[in-house]
Amino acid sequence: MAQVSQRIDSDDLSIGAVFKDFYVVPDYQREYVWEDDQVEQLLVDINTEYSSDGETPSEYFIGSIVVTPNEQGTFDLIDGQQRITTLFILLCAIRDRLAQLEPGESQTLERMIADSDIDERGRDVFRYRVDLQYEDATDVLKSIASDGSADVEGLKTRSVENIVNALTFCRTFLAAEFGDSAEDIRGFFSYLHSRVKLIRVETKSVAHALKVFETINDRGVGLDSMDLLKNLMFMSADRKQFEALKTEWKVLIDTLHDKEKPLRFLRYFIFATYNVDRLKEDEIYSWFVSNTSLCGYDLDPIGFVRQLSTAAHAYANFVDGLDPLGNESRYLQNLKRLSGAARQHLILLLAGAQLNPERFRILTREIENLFFAYIVTRENTRDFERRFAQWAPELRELEDSDEAFQAFIDERLASARDLLAQRFNLALTELGQGSIQQYRIRYILAKLTQYVDEAAWGTKHHADLGTYIQAKIEIEHILPQKPSNAVLEAFDDPDEYPKYVRRLGNLTLLEKSINAAVGNGLFTEKQPAYSQSGFLLTKTLGGVVKVGENTAIDRAVRGLEIFDSWTSDDIERRQGMLARLAGRVWDIPLPSADESTDANQGTIK
């Protein structure tokens, strides 16, 4: 018997080219395990490069996959299942979103999801581009590809839950980033189709494919700007410095390991340290080569790598919600919960790392407020990243005085928030679970709830937002997601019921122990349970909260509306109340007509 050739073919393919072929994930592969963090990282990385400077965005490389041909004329996917499955789900989400906004088929997009093929006997056969054959997948991916439905009968396995969650995340991402603009979504799809690339490695046997997979994951592939920068440092050093330089470089790499993409760190380090506000990842190495004297690594490569390591240590702390010295920071913890995979705020944090602790605390609070305003108003990521890069030199070079520091805060961060006031208020009055990521909905509810509690009881036991974001605290839908017949019959706008269920005004935080007993009944039936909550914002849904004539608790709940019914008007009214409260929480100036009805006249810092 002739031996199968072990030739390896590799192709540099766009995503459009990748999805001209059909892929099978064999039954021996592990299930789909990506969760929101991994899905978000992929989407944010692609969108960040798509939104980068230049008329034509740079190509973006997202890694490699390993495949081998099978007897059905398709490819068995040996490595890259998580990435390919996620991209396939994203394509389905784009198709469904465009169908909502601009009915009419996109033939290119449709063919990337499914197309006709021929089987081994030359007969026409309809196939989806990605076919999951392991048992845990059931038919959920086929259902999503067919009509966008994630409904499946039978056991909800972990893989099914992850796939459904990935679809939900992709849909929310598209709505949050591009709103109702079909043109913007098409632009993103065009970039994904033509400019996002991966390397497809093809072998002739499964055994050989597995060997290639093992080698790639063991040794890594390719050189990037970080590798080239390392070589540049060694080229600049005397041979007797090599051992010390190797040690310092290992400290740098170990600091970033599992914390951050090294290239993004380098790019943000440049923004924070030098007067640069535009630089793509693929230009990083060239920038260092062209700015030898500015960086000084030619004279002191070890000192320069130590400077990088110091910045990387602070950077890694910021990612973990810690200050430059590794101490817990309330506002950095909040930013960690808010930002997800976004990192643009780290530019200013790096630039301000030399501030004294009190000024740095104020800076982090102001950055959290502005960053949230940018997120909720859907400010273009490229625009506010550039603003942060432009402000970084000013922050880095501030005079050592409270007056100079406060002037910077007022003229840059506070004024930027003020300009967003109208859009911010409008966004909050329209916000729902379909327009922003679920973890950010939880962050919003936690901040609103925390604010009222702190006004009543002070910061001692309520300063940690984690108190409100934990497994024991759940998001309660006041108008239930699975309503009883009595609830449906009582609601005044049944056709719009699904929309109102997801509105921010219909959501509140509730202790799990209480939520378990609330049920899916009428609002009046739920009110006694709400009264038992330890969260004042939720407690007021149960009725008037009164302790005395003018206690801190009385003042904290003054202005929080009381509801005797739960109609569409009530939900809109509560949403307006929460939007006004949000103006205080994130220090955004409110429309003057609403100032007098704000829920709390205090300001908690």
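The values are calculated or read from the model by the stated rules, or taken from the named source; none is laboratory data. If you're wondering where the values come from, they're calculated on a predicted model, not measured in any experiment. For neighbour counting, all protein chains shown are included, and Cβ atoms are generated from backbone atoms with ideal geometry for every residue, glycine included.
When the stretch 3-33 is examined, which residues are found to be over 17 Å from CYS92 (Cα atoms), surrounded by 15 or more Cβ atoms within 10 Å (Cβ to Cβ) and either at pLDDT 85 or above or touching a Cys at 6+ places or on another chain (Cβ under 7 Å) (or both)?
Here is the first cut: in the stretch 3-33, the ones over 17 Å from CYS92 (Cα atoms) are 3-14, 24-31, 33.
Right, trim to surrounded by 15 or more Cβ atoms within 10 Å (Cβ to Cβ) and you get 13-14, 24-26, 29, 31.
Residues satisfying the conditions are LEU13, SER14, VAL24, VAL25.
Working carefully through the options PHE304, PHE242, find the one that is out of contact with any Pro (no Cβ under 6 Å at 6 or more places or on another chain), farther than 30 Å from PHE173 by Cβ and exposed (fewer than 15 other Cβ atoms within 10 Å of the Cβ). If you could, list the steps in order and put the result at the bottom.
Numbers: PHE304 fails: exposed (fewer than 15 other Cβ atoms within 10 Å of the Cβ).
That would be PHE242, the only listed residue that is out of contact with any Pro (no Cβ under 6 Å at 6 or more places or on another chain), farther than 30 Å from PHE173 by Cβ and exposed (fewer than 15 other Cβ atoms within 10 Å of the Cβ).
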Q. Any residue in the stretch 196-210 that is crowded, with 16+ Cβ neighbours inside 10 Å, in a helix (DSSP H, G or I), at pLDDT 65 or above and out of contact with any Ser or Thr (no Cβ under 7 Å at 6 or more places or on another chain)?
A. no
Q) Which ones in the stretch 459-486 are in contact (Cβ under 8 Å) with a residue 24 or more places away in the chain and either more than 17 Å from ARG503 (Cα to Cα) or among the hydroxyl-bearing types (Ser, Thr, Tyr) (or both)? A) THR459, ALA463, ASP464, LEU465, GLY466, TYR468, ILE469, ALA471, LYS472, ILE473, SER484, ALA486
Q | Set LEU445, LEU413: member being under 26 Å from PHE178 (Cα atoms), hydrophobic (A, V, I, L, M, F, W, C), surrounded by 19 or more Cβ atoms within 10 Å (Cβ to Cβ) and not assigned by TED's automatic domain parsing to the domain that holds ARG573 | A | LEU413
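With the structure loaded, tell me whether LEU448 is under 20 Å from PHE563 (Cα atoms) and part of a helix (DSSP H, G or I) or whether it fails that test.
Numbers: under 20 Å from PHE563 (Cα atoms): yes; part of a helix (DSSP H, G or I): yes.
The answer is yes for LEU448.
For the stretch 61-90: of the residues being β-branched (Val, Ile, Thr) and under 18 Å from LYS142 (Cβ atoms), which is surrounded by the fewest Cβ atoms within 10 Å (Cβ to Cβ)? Spell out how you get there, then give the answer.
Initially, the stretch 61-90 is screened for residues β-branched (Val, Ile, Thr), giving 62, 65-68, 74, 78, 84-86, 89.
The next check asks that each one be under 18 Å from LYS142 (Cβ atoms); those that pass are 74, 84-86, 89.
Details: THR74: 18, ILE84: 23, THR85: 23, THR86: 22, ILE89: 27.
Across the stretch 61-90, the extreme among qualifying residues is THR74.
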Q.
Whether any residue in the stretch 560-575 is among the β-branched types (Val, Ile, Thr), under 26 Å from ARG440 (Cβ atoms) and at pLDDT 95 or above is what I want to check.
A. yes
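Consider THR247 carefully, then state whether it is assigned to a helix (DSSP H, G or I) and under 24 Å from the mean Cα position of the chain (by Cα).
So THR247 does not fit the description; no.
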(Q) Let me confirm something: among ARG555, ARG502, which residue is touching a residue at least 60 places away in the same chain (Cβ under 8 Å), under 20 Å from ALA579 (Cβ atoms) and assigned by TED's automatic domain parsing to the domain that holds GLN437? (A) ARG502
Q.
As an exercise: evaluate ILE436 against (1) modelled with pLDDT of 95 or more; (2) of a type in the set (Val, Ile, Thr); (3) assigned by TED's automatic domain parsing to the domain that holds ILE588 and give the number of the one condition it does not meet.
A. (1)
(Q) Any residue that is surrounded by 16 or more Cβ atoms within 10 Å (Cβ to Cβ), closer than 20 Å to PHE371 by Cβ and free of Cβ contacts under 8 Å to residues at least 24 places away in the same chain - is there at least one of those in the stretch 425-437? (A) no
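Hey, does the stretch 365-381 have a residue that's more than 19 Å from SER339 (Cβ to Cβ) and surrounded by 20 or more Cβ atoms within 10 Å (Cβ to Cβ)? First the steps, then the outcome.
Keep residues of the stretch 365-381 that are more than 19 Å from SER339 (Cβ to Cβ), which gives none.
No.
Inside the stretch 264-298, can you point out the residues that are among the aliphatic types (A, V, I, L, M) and in contact with a helix residue (DSSP H, G or I) (Cβ under 8 Å, 6 or more places away or on another chain)? Walk me through it before giving the result.
Of the residues in the stretch 264-298, the ones among the aliphatic types (A, V, I, L, M) are 266, 270, 272, 276, 279, 284, 289, 294.
Result: LEU266, ILE270, ALA272, VAL276, LEU279, ILE284, VAL289.
To keep it simple, each residue is scored yes or no on (1) touching a strand residue (DSSP E or B) at 6+ places or on another chain (Cβ under 7 Å); (2) over 20 Å from ILE562 (Cα atoms); (3) of a type outside the set (A, V, I, L, M, F, W, C).
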site: ILE473; (1), (2), (3): yes, yes, no
site: ALA486; (1), (2), (3): no, yes, no
site: ASP493; (1), (2), (3): no, yes, yes
site: ARG503; (1), (2), (3): yes, no, yes
Q.
Quick check on the stretch 421-444. Is at least one of its residues more than 25 Å from the chain's Cα centre (by Cα), under 22 Å from PRO589 (Cα atoms) and assigned to a helix (DSSP H, G or I)?
A. no
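Taking the stretch 258-277, which residues are under 10 Å from ALA312 (Cβ atoms) and either among the charged types (D, E, K, R) or part of a loop (DSSP other than H, G, I, E, B) (or both)?
Filtering the stretch 258-277 down to residues under 10 Å from ALA312 (Cβ atoms) leaves 259-260, 262, 265-266, 269.
Listed by number, the residues that qualify are LYS259, GLU260.
Select, from THR247, THR273, the only residue that is within 26 Å of GLU397 (Cβ to Cβ) and among the hydroxyl-bearing types (Ser, Thr, Tyr).
Only one candidate passes the filter, namely THR273.
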Q | Set GLY296, GLY321: member being small (Gly, Ala, Ser) and free of Cβ contacts under 8 Å to residues at least 12 places away in the same chain | A | GLY296
Q. Taking the stretch 546-565 only, how many residues are over 12 Å from ALA456 (Cα atoms) and either part of a helix (DSSP H, G or I) or of a type outside the set (D, E, K, R) (or both)?
A. 6
